[in-house]
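K.L.:
I am attaching a structure below and will ask some questions about it afterwards.
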Amino acid sequence: MSTSTSHTEQTIDVKDVDDGKTKLRKWLNTNFRIEMTDGRVLIGVFLCTDRDANVILGACSEYLKGSEMDSEEPRVLGLVMVPGRHIVSIQIDDTTPPQKYYYDE
């Protein structure tokens, strides 16, 4: 009895992985603006992500759908985990002052 299996091998260039890691490290402790599928906008400090595109933001504030960012007070959330499946877009936010969300020795 002979069985043959065919495997589709996916090759990942090590250079591409290193470039991605470098880019993510560069973005650590940077203000991010994340738009979600329900229209909410979250602005916070980028702390980490995972392979499922979930994102953790620190010192996060929420802006509701349909509200102008300057006209309404944001809801302060603190530390949040944003599921990747609910993210529509991610941008580096340069409109808010940078926040220190890490410990310097």
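K.L.:
Working with all protein chains in place, sort Cys48, Cys60 by solvent-accessible area computed with a 1.4 Å probe, largest first.
P.N.:
My answer, sorted largest first, is Cys48, Cys60.
K.L.:
Need one number: convex hull volume per residue for region 21-81, Cα atoms only, in Å³.
P.N.:
Dividing the Cα hull volume of region 21-81 by its residues yields 82 Å³.
K.L.:
How far apart, in nm, are two points set 7 Å out from the Cα along the Cα-to-Cβ line at Thr49 and at Met81?
P.N.:
It works out to 1.7 nm between the two label points.
K.L.:
Still on this model: Asp93's amide H: which non-local residues (gap 5+, or another chain) put their own amide H closer than 5 Å, with H modeled 1.01 Å from N in plane and none for Pro or chain starts?
P.N.:
Answer set, sorted by chain and number: Asn31, Phe32, Arg33.
K.L.:
Taking region 27-58, which trypsin sites (Lys or Arg not before Pro) meet the DSSP loop condition and have no more than 10 other C-beta atoms within 10 Å?
P.N.:
Arg51
K.L.:
Counting only heavy atoms of the protein chains, get the accessible area per residue of region 9-63 (1.4 Å probe) and round it to a whole Å² value.
P.N.:
Result: 62 Å² per residue.
The values are calculated or read from the model by the stated rules, or taken from the named source; none is laboratory data. Treat the numbers as computed from the prediction; the structure is a model and nothing was measured. Virtual Cβ from ideal backbone geometry, glycine too; neighbours counted across all protein chains shown. Keep in mind that these areas ignore ligands, DNA and RNA; they rest on the heavy atoms of the full protein, side chains included. Shrake-Rupley method; radii C 1.70, N 1.55, O 1.52, S 1.80 Å.
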